[in-house]
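FYI, it's all coordinate maths here, none of it is from the lab. Here the structure is a predicted model, which means the values were calculated and not measured. Reconstructed Cβ throughout: ideal geometry from the backbone, glycine too, with neighbour counts over all protein chains shown.
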Amino acid sequence: MKIMLVSESARLRPLLEKLFLIQNADVIHYENPIKAMDNLEEIDPEIVIFAAMDFPRHWKPFVIYLRNTYSRREAVFILLTSESFPEDESNKADYLEVNAVISQTSDNETTIQKIKGIITRYYQSVDIRGSARYAPSPDDRISFCFTNPYTFRIVTGNVLDISAGGLLFEPHDSEQSDQLDTWATITAATLRLGDNLFAVKARAVRVSETLALEYLDLTIEDEKAIIDFLKSTAVAQ
């Protein structure tokens with residue numbers, strides 16, 4: 001996960017890195033919004049957090065430029081504002097497809113938790129999965145493992161994000177996933193969501209250091225159970 005933080009202060013950076021540790025979040029901080037805009041293509045961020053109170057004249061051209069390349073689904077844009085942020089500016093933010101406007105307080109932990117809630121709700125990217133993705137925390141008890149169909153080795157690792165349609169998975173040992181390629185079918189896998197276990201089939205839609213997997217032949221009952229769990233977990237954040 002790549003997060004671009006555009007603000008005069010870097011005080012939120014370590015908090016974001018800690019919050020999204022399990023997703024191996026790379027938080028890139030820019031004090032200059034023009035430089036951040038110039039580097040958008042290079043950084044290719046999934047999330048942009050922009051401090052409007054630091055750069056009140058720059059956030060609108062920035063989000064316009066961002067939306068020329070990335071849709072609201074492809075890159076989450078969070079605008080940090082003061083409590084006195086005008087209502088007409090909020091309307092402009094909505095029109096420009098800002099994902100969320102957060103009133104920042106002196107309590108950085110409160111701000112971070114608000115950011116987490118927004119990212120949990122909106123974090124999506126371009127791949128075959130059409131559902132909103134949830135980025136789990138270490139306390140969510142979400143895990144996944146499967147049998148490599150070519151080597152028959154058990155593959156364990158971390159779930160980086162999950163949706164009702166699939167998940168992004170990082171193996172603990174890259175050798176465990178040897179020989180897996182795009183469109184490889186996994187017939188023996190177990191998904192754990194809290195106290196519930198699901199026997200699932202999956203297909204690899206992207207293979208690199210991480211595996212993007214979509215579920216295959218998921219029953220209506222299991223799909224509903226997964227959706228309900230993710231919704232309840234997101235709301236609890």
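So here's what we get for this one:
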quantity: Full-extension gain in nm, Asn91 to Glu8, via 0.36 nm per residue minus C-alpha separation; calculated: 27.4 nm
quantity: Sum of -39500 (n - 2.57) over DSSP H runs of 4+, divided by residues of the chain (222 nm, nearest 500); calculated: -8000 deg cm²/dmol
quantity: Using a Förster distance of 30 Å, the FRET efficiency for Val207-Asp107 (Cβ separation, nearest 0.05); calculated: 0.10
quantity: Exposure proxy order (Cβ contacts within 10 Å, fewest to most) of Ile112, Ile220; calculated: Ile220, Ile112
quantity: Peptides 167-173, 195-201 ordered by average Cβ neighbours within 10 Å, highest first; calculated: 167-173, 195-201
quantity: For segment 2-122, size of Cβ-based charge dipole, Lys and Arg +1, Asp and Glu -1, in debye; calculated: 220
quantity: Given the chain, longest segment not containing exposed loop GluC sites (Glu not before Pro) (DSSP; at most 10 other Cβ within 10 Å); calculated: 84-208
quantity: Cleavage-rule hits (chymotrypsin sites (Phe, Trp or Tyr not before Pro)) in segment 55-116: DSSP loop, at most 14 neighbouring Cβ within 10 angstrom; calculated: none
quantity: Alpha carbon convex hull of segment 138-236, projected area averaged over orientations, nm²; calculated: 5.8
quantity: Debye intensity ratio in log₁₀ form over the Cα atoms of the chain, taken at each q of 0.08, 0.10, 0.17 Å⁻¹; calculated: -0.33, -0.50, -1.21
